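Worksheet: one structure, shown below.
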Amino acid sequence: MGYTKRDARVSAEIEVSVERRGGDIRRTDAMIASVAMNNGASLYTFDLKHFKPLEEMGLQLFQPSIA
(Lines give C-alpha, C1' and ligand atoms only; values in the text may rest on other atoms or scores of the structure.)
Protein backbone atom coordinates (compact mmCIF):
# COMPACT_ATOMS: atom_id res chain seq x y z
CA MET A 1 0.00 0.00 0.00
CA GLY A 2 1.45 3.33 -1.04
CA TYR A 3 0.43 6.96 -0.88
CA THR A 4 -2.05 7.49 -3.72
CA LYS A 5 -3.55 10.47 -5.54
CA ARG A 6 -6.75 9.79 -3.62
CA ASP A 7 -4.80 10.02 -0.35
CA ALA A 8 -3.25 13.31 -1.51
CA ARG A 9 -6.68 14.74 -2.35
CA VAL A 10 -8.16 13.77 1.02
CA SER A 11 -5.05 15.06 2.79
CA ALA A 12 -5.46 18.45 1.10
CA GLU A 13 -9.16 18.50 2.02
CA ILE A 14 -8.25 17.80 5.66
CA GLU A 15 -5.71 20.63 5.70
CA VAL A 16 -8.12 23.13 4.14
CA SER A 17 -10.95 22.12 6.47
CA VAL A 18 -8.82 22.44 9.61
CA GLU A 19 -7.38 25.79 8.48
CA ARG A 20 -10.83 27.18 7.66
CA ARG A 21 -11.83 26.44 11.26
CA GLY A 22 -8.83 28.43 12.44
CA GLY A 23 -6.78 25.38 13.33
CA ASP A 24 -3.40 24.16 12.31
CA ILE A 25 -2.36 20.69 11.21
CA ARG A 26 0.95 19.21 10.22
CA ARG A 27 1.01 18.03 6.63
CA THR A 28 2.33 14.63 7.72
CA ASP A 29 -0.57 14.22 10.17
CA ALA A 30 -3.05 15.00 7.38
CA MET A 31 -1.28 12.47 5.14
CA ILE A 32 -1.39 9.76 7.82
CA ALA A 33 -5.07 10.44 8.52
CA SER A 34 -5.97 10.34 4.82
CA VAL A 35 -4.33 6.95 4.30
CA ALA A 36 -6.21 5.51 7.30
CA MET A 37 -9.51 7.02 6.18
CA ASN A 38 -9.18 5.83 2.57
CA ASN A 39 -8.39 2.30 3.67
CA GLY A 40 -11.14 1.99 6.29
CA ALA A 41 -8.53 1.58 9.00
CA SER A 42 -8.48 2.80 12.58
CA LEU A 43 -5.46 4.88 13.50
CA TYR A 44 -3.62 3.67 16.59
CA THR A 45 -2.02 6.68 18.24
CA PHE A 46 -1.07 8.25 21.53
CA ASP A 47 -1.13 11.66 19.78
CA LEU A 48 -4.76 12.49 20.44
CA LYS A 49 -4.05 16.23 20.44
CA HIS A 50 -3.39 16.15 16.71
CA PHE A 51 -5.79 13.45 15.56
CA LYS A 52 -8.89 13.69 17.82
CA PRO A 53 -10.29 16.72 15.91
CA LEU A 54 -10.20 14.69 12.69
CA GLU A 55 -12.78 12.20 13.98
CA GLU A 56 -15.54 14.54 12.81
CA MET A 57 -14.14 14.17 9.28
CA GLY A 58 -14.39 10.39 9.43
CA LEU A 59 -11.08 9.33 10.99
CA GLN A 60 -11.52 6.33 13.25
CA LEU A 61 -9.19 6.33 16.23
CA PHE A 62 -8.15 3.31 18.23
CA GLN A 63 -7.31 4.86 21.56
CA PRO A 64 -4.88 2.77 23.56
CA SER A 65 -5.36 2.64 27.29
CA ILE A 66 -2.40 3.55 29.42
CA ALA A 67 -2.09 1.25 32.42
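Maximal additional length on extending the E19-E55 stretch stands at 11.4 nm, based on 0.36 nm per residue less the C-alpha distance. Derived scalar couplings between HN and Hα for the range 47-53 equal 8, 5, 4, 8, 9, 4, x Hz in order, rounded to whole Hz, by the Karplus curve 6.51 cos²θ - 1.76 cosθ + 1.60 (θ = phi - 60°), x for Gly and Pro. Accessible area per residue for the chain, computed on protein heavy atoms with a 1.4 Å probe, is 69 Å².
Adding -39500 (n - 2.57) for every DSSP H run of four residues or longer, then dividing by how many residues the chain holds, sets the calculated 222 nm ellipticity at -14500 deg cm²/dmol.
Sorted by accessible area with a 1.4 angstrom probe, largest first, how do E19, E55 fall?
Working: E19 100, E55 65 Å².
From most accessible down to least: E19, E55.
Proximity of backbone amide H atoms, modeled 1.01 Å from N, is registered between L43 and Q60, L61, F62 at under 5 Å, excluding neighbours fewer than 5 places apart on the same chain.
The values are calculated or read from the model by the stated rules, or taken from the named source; none is laboratory data. These numbers were taken from a predicted model, which means no experiment stands behind them. To get the accessible areas, we keep the full protein, side chains included, count just its heavy atoms, and leave off ligands, DNA and RNA. Shrake-Rupley method; radii C 1.70, N 1.55, O 1.52, S 1.80 Å.
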